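The values are calculated or read from the model by the stated rules, or taken from the named source; none is laboratory data. Since we're looking at a predicted model, the values are computed, not measured. Just the protein is used for accessible areas: all its heavy atoms, side chains included, with ligands, DNA and RNA removed. Shrake-Rupley method; radii C 1.70, N 1.55, O 1.52, S 1.80 Å.
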Amino acid sequence: MDEIYVKLTDFMKELEGLRTRILYDSSVVKDLLIFQHIIPSYSDRNLYLVLYSEALYHKFCRRAEYLMFTNSSMAKILDNINIIKVGHSDDINFGKLYAFIEHSTPREEFVTLMETLRHLDRKSVLILYSSVAYIMSMLNEKEALRLLLESYGILPRGITIFGFKHLKTQTRIDYYINDLYDVLITIRRDESSFDYSTYIFEAECQLSDVCYKTCRLRVDNGRLIQI
């Protein structure tokens with residue numbers, strides 16, 4: 001049984017070259033996982049971060065500014081991230097603006113975004129902070145599925161992808177999206193614990209074999225630690 005328990009820092013690096021989707025029930029845990037585990041694990045690679053809408057960009061910046069204040073080394077890492085922003089303004093507070101996609105129709109936004117992503121190097125690491133499901137939800141289901149299947153097929157082979165989705169906002173489209181990923185991770189609050197800071201991490205990989213990994217996490221003084 002011990003082999004199903006995973007060390008989170010090591011496991012993040014094992015996801016290189018895979019497409020991983022993370023389902024969560026706490027936005028704080030999502031952000032801490034990105035800043036404290038995913039980004040540091042791939043800080044020596046070309047990192048690309050997709051942010052959709054000015055509201056989500058503002059939220060991400062607030063979290064980044066807090067972590068840069070508490071961790072000086074994080075500021076240097078964030079300055080090297082390539083930002084792909086969909087919104088009304090190309091202003092950014094950190095990183096390097098790789099591409100700006102002005103708000104238009106959902107279909108035009110999605111096609112432009114995927115055309116941008118298809119040209120990334122296969123050694124790149126792509127963090128979809130804003131799920132493509134945001135755009136998909138504004139299209140009719142038939143068109144959304146067609147665009148989705150076509151687009152995921154043109155992404156560079158071997159690229160490392162981290163996508164995210166809140167558990168409570170999943171739609172039928174999300175179940176199709178889940179099937180397009182190599183690894184599905186779920187992070188949800190541990191209902192058996194006596195506080196609201198403990199979470200269960202579960203990862204399922206379905207490639208040549210189905211494997212299952214798990215661990216327990218806790219939010220403690222602004223850090224996501226394994227327990």
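Annotations
- Cα-based radius of gyration for region 151-210, normalised by 2.2 N^0.38 Å, reads 1.38.
- Entries in Lys13/Lys165; Lys30/Lys76; Lys123/Lys213; Lys85/Lys123; Lys96/Lys142 that, when Cα-Cα distance is taken, lie over 28 Å: Lys96/Lys142
- Region 152-190-region 1-65 distance, computed between alpha-carbon centres (Å): 13 Å
- Rounded to the nearest 500, the helix-only mean residue ellipticity at 222 nm of the chain stands at -10000 deg cm²/dmol, with each DSSP H run of n ≥ 4 adding -39,500 (n - 2.57).
- The chain - percent relative contact order, Cα under 8 Å, separation 6 or more: 28 percent
- For region 156-227: relative contact order, % (alpha-carbon pairs under 8 angstrom, 6 or more apart): 19 percent
- Each of Lys165, Lys7 has its accessible area taken with a 1.4 Å probe; listed largest first, they run Lys7, Lys165.
- Convex hull per residue volume in Å³, alpha carbons only, for region 1-152: 138 Å³
- Split the accessible area of the chain by element, probe 1.4 Å, and carbon with sulfur accounts for 49%.
- Solvent-accessible area per residue in the chain equals 51 Å², computed with a 1.4 angstrom probe and all protein chains kept.
- Each residue was assigned an accessible area with a 1.4 Å probe, and for Arg189 the value is about 70 Å².
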